[in-house]
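Read through the structure below, which is laid out as structure tokens, and then see the notes.
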Amino acid sequence: MKKIINFTSLFVFMVVGCIGEEKGQLSRVDVQKIDTEGKYEDVVMITDSESIELLRQAFEQIKWDDKVVKMARKPDVEATLFYTFDENIPERLYEYEIWFNESAGTATIISNNENESYGELDKDNAQALKNNFLK
């Protein structure tokens, strides 16, 4: 009986630990603009806490879908988000390709994260990304 209780306790702690791991702390965002000719500009590193918080909030609003899409043009921006989960574990990087839809004011996002694939962002949050990424 004691082994069953110990095993159950261990299992609960493992599940809680895995659930908590998904909520890392966004610590940095690297942004690379791509011009109309498809040339990559220099990488800009965003680390100030106010911008990081605005970006974190915007990325939380993305409506993800599991479709696989192919876009007709190169993205406007490529962004790499750095998440810290534990000081003893290296940061996790997630890469995003972002297209800003000028006519609708929205954004389309493709992620390399296995839990995300194709996403769309509403007008307000797309504008927040655009303001931070295309300064």
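The values are calculated or read from the model by the stated rules, or taken from the named source; none is laboratory data. Only a predicted model underlies this, so the values are computations on that prediction, with no experimental measurement involved. Heads up, the Cβs are rebuilt from the backbone with ideal geometry, glycines too, and the neighbour counts pull from every protein chain shown. Surface areas here come from the heavy atoms of the whole protein model, side chains and all, with no ligands, DNA or RNA. Shrake-Rupley method; radii C 1.70, N 1.55, O 1.52, S 1.80 Å.
Observations
- Paramagnetic reach from Asp66 in region 111-127 [backbone N under 11 Å; point 7 Å along Cα→Cβ]: 115-117
- Modelled spin-label separation between Met45 and Arg73, with each label point placed 7 Å from Cα along the Cα-to-Cβ direction: 3.1 nm.
- Estimated FRET transfer efficiency when R0 is 25 angstrom, pair Ala104-Thr84 (beta carbons, to 0.05): 0.15
- Share of carbon and sulfur in the accessible area of region 35-98 stands at 48%, probe radius 1.4 Å.
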